[in-house]
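The values are calculated or read from the model by the stated rules, or taken from the named source; none is laboratory data. This is a predicted model, so every value here is computed, not measured. Backbone-built Cβ (ideal geometry, glycine too); neighbour counts: all protein chains shown. In case anyone asks, the SASA skips ligands and DNA or RNA and just uses the protein heavy atoms, side chains included. Shrake-Rupley method; radii C 1.70, N 1.55, O 1.52, S 1.80 Å.
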Amino acid sequence: MSDPFKYLHDAMEEFSAERDWDQFHSPKNLAMALTVEAAELQECFQWLTEAQSQELAENQLAAVRDEIADVQLYLVRLAGKLNVDIEAACRMKMEKNAEKYPAVQVKGSAQKYTHYQD
């Protein structure tokens, strides 16, 4: 686990141990919980216009912050269970994305990378 996530990983380990929740934190269960939290994040934006979603009231922003934190904490916990270094995984994925989406081909486009393959 890389330094940016070590504190969160250790804190989640301690939090779960204090509550005897490790028994429930299988990778499958954590992945399922993560999707629930991601849906709750989406719910914060449900029915808002594009403009409204960019100018949230403080109470809306507080709800978004909480849901972002929930998503991140489940990701950290899942990564810890599987010994995945989140920072390294993100760097590798960004390199893959740079290959899939060369700026010269995709700049200003929302097309999927398969659209640009021969």
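Structural remarks
- Lone qualifier among A39, A17 - being exposed (fewer than 13 other Cβ atoms within 10 Å of the Cβ) and under 20 Å from the mean Cα position of the chain (by Cα): A39
- Within the stretch 45-88, being within 19 Å of K28 (Cβ to Cβ) and open to solvent by 40 Å² or more (accessible area, probe 1.4 Å) holds for D70, L73, Y74, L75, K81, L82, N83, V84.
- Within the stretch 94-117, if we keep just the residues that are open to solvent by 80 Å² or more (accessible area, probe 1.4 Å) and among the aliphatic types (A, V, I, L, M), the residue that is farthest from the chain's Cα centre (by Cα) turns out to be V104.
- Filter result for K93 (of a type in the set (K, R) and at pLDDT below 95): no
- Candidates L30, L48, L56 - the one that is under 25 Å from P4 (Cα atoms) and not small (G, A, S): L30
- Of the helices (runs of 4 or more DSSP H) lying entirely inside the stretch 1-106, the ones with 2 or more residues being of a type in the set (S, T, Y) and at negative phi are found at 3-19.
- Sub-8 Å Cβ pairs linking a first residue in the stretch 6-30 that is modelled with pLDDT under 95 to a second residue that is loosely packed, with under 12 Cβ neighbours inside 10 Å, at least 6 apart or interchain, number zero.
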